[in-house]
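The values are calculated or read from the model by the stated rules, or taken from the named source; none is laboratory data. The structure displayed is predicted, hence computed values, not measured ones. Cβ coordinates were reconstructed from backbone atoms using ideal geometry, including for glycine residues, and neighbour counts include every protein chain displayed.
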Amino acid sequence: MLFHPPKNPVELKVRHLNETQKQRREDLMEATQGKAALKQFKKNMAKKAKKALKVKSKKKNADVKQKVFVLDFDGDIKATAVKHLREEISTLISTAEKGDEVVVRLESGGGLVHGYGLAAAQLVRLKDAGLTLTVCVDKVAASGGYMMACVADKVVAAPFAVIGSIGVVSQLPNFHKWLKNHDVDYEMFTAGDYKRTVTVFGENAAEDRAKYQEELEQTHELFKHFVNTYRPSLEVAKVATGEHWYGEDALKLHLIDSLQTSDSYILARMKDNDVYALHSRQKPTLAEKLGLAQAAEATLSVAVDKLPDALARFDLNSRLNILK
């Protein structure tokens, strides 16, 4: 049986953040201080690098420079970003060495249990592979987002980042009375006492609601157990109330380990380590590329067609302004 590769596979882009930062610094220096200052700066940096290399070579057991890899997870309610996260993690596990660090810049207010359960399990894979995991939160890691964050060896959050919300919520409308008032019957057939409990269109009995609540409580217990497994020093009973806290209070409650933005943390790691940012995306198909090209062409065509009218309005407005 022949293997047919996917039409639009995931492609991975890697940026060496040290080099990116260096280039930006040099660009700014040239713009503000001139080419001569930039030339002297490069000369001084080269001398420092040469000196550091000599010192390192004299050491019998020189430490191997640790690599730091940066991933991004921007979560929606379905945790769809896990599609690319799992690809990036699989690549790292097969490439990185034990002791290397993975920094995940995480932003999520949570969502579906199974989606975020899978996302958290992906992060567990990094720790199982012997890699150090740091999660940085600049805005929010709540509910499923915190389920992911708590896996880390270290959780770093900005002072006003929203942290916590260790709870479970479910809500749905019920149209039974409306259907009944309009003489519409609703019938549902199931096999199994609890195949369906509360419904959107049927009449919900007290035992249905009780069973549904029991299932929510079970999910909450699993959530608390998961958090307690990866942050044993945390008083889970105290924070698993569904509440959320800002960074400073989250630090006092041991939900996080330090207050710092992701930018500050990564910049500090760049001083002594090579830092690489990984970004994956679904490679566009030829049809999608053509579609983008056609859309761009259509936009340009519309702009050209409207240009005479725009110029005329500009001329009229100019004259009106002058007459004022």
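Among the residues in the range 215-229, are any surrounded by fewer than 18 Cβ atoms within 10 Å (Cβ to Cβ), over 30 Å from Leu126 (Cα atoms), more than 31 Å from the chain's Cα centre (by Cα) and of a type in the set (Asp, Glu)?
No: the range 215-229 contains no residue that is surrounded by fewer than 18 Cβ atoms within 10 Å (Cβ to Cβ), over 30 Å from Leu126 (Cα atoms), more than 31 Å from the chain's Cα centre (by Cα) and of a type in the set (Asp, Glu).
Examine the range 178-198 for a residue that is of a type in the set (S, T, N, Q) and surrounded by fewer than 14 Cβ atoms within 10 Å (Cβ to Cβ), and state whether such a residue exists.
yes
So that you can scan it fast, the table gives a plain yes or no per residue for (1) in contact with a Phe, Trp or Tyr (Cβ under 7 Å, 6 or more places away or on another chain); (2) among the aliphatic types (A, V, I, L, M):
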| residue | (1), (2) |
| --- | --- |
| Asp153 | no, no |
| Ser165 | yes, no |
| Met188 | no, yes |
| Ala191 | no, yes |
| Tyr212 | no, no |
| Glu215 | no, no |
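Mind counting the residues in the range 68-79 that are in a strand (DSSP E or B) and either without any contact (Cβ under 8 Å) to a residue 60 or more places away in the chain or not assigned by TED's automatic domain parsing to the domain that holds Gly115 (or both)?
Looking only at that region, the number is 1.
Looking only at the range 253-263, decide whether some residue is more than 24 Å from Val68 (Cα to Cα) and touching a strand residue (DSSP E or B) at 6+ places or on another chain (Cβ under 9 Å).
yes
Out of (1) surrounded by 12 or more Cβ atoms within 10 Å (Cβ to Cβ); (2) of a type in the set (Asp, Glu); (3) not assigned by TED's automatic domain parsing to the domain that holds Val155, what's the single condition that is false for Asp274?
Among (1) surrounded by 12 or more Cβ atoms within 10 Å (Cβ to Cβ); (2) of a type in the set (Asp, Glu); (3) not assigned by TED's automatic domain parsing to the domain that holds Val155, Asp274 violates only (3).
Keeping to the range 140-156, report how many residues are touching a Gly at 6+ places or on another chain (Cβ under 9 Å) and not in a helix (DSSP H, G or I).
Of the residues in that region, 4 qualify.
Taking Asp249, is it surrounded by 16 or more Cβ atoms within 10 Å (Cβ to Cβ) and not hydroxyl-bearing (Ser, Thr, Tyr)?
no
Yes/no per residue for (1) surrounded by fewer than 17 Cβ atoms within 10 Å (Cβ to Cβ); (2) charged (D, E, K, R); (3) at pLDDT 90 or above:
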{"residue": "Glu30", "(1), (2), (3)": "yes, yes, no"}
{"residue": "Ile93", "(1), (2), (3)": "yes, no, yes"}
{"residue": "Glu101", "(1), (2), (3)": "no, yes, yes"}
{"residue": "Gly109", "(1), (2), (3)": "no, no, yes"}
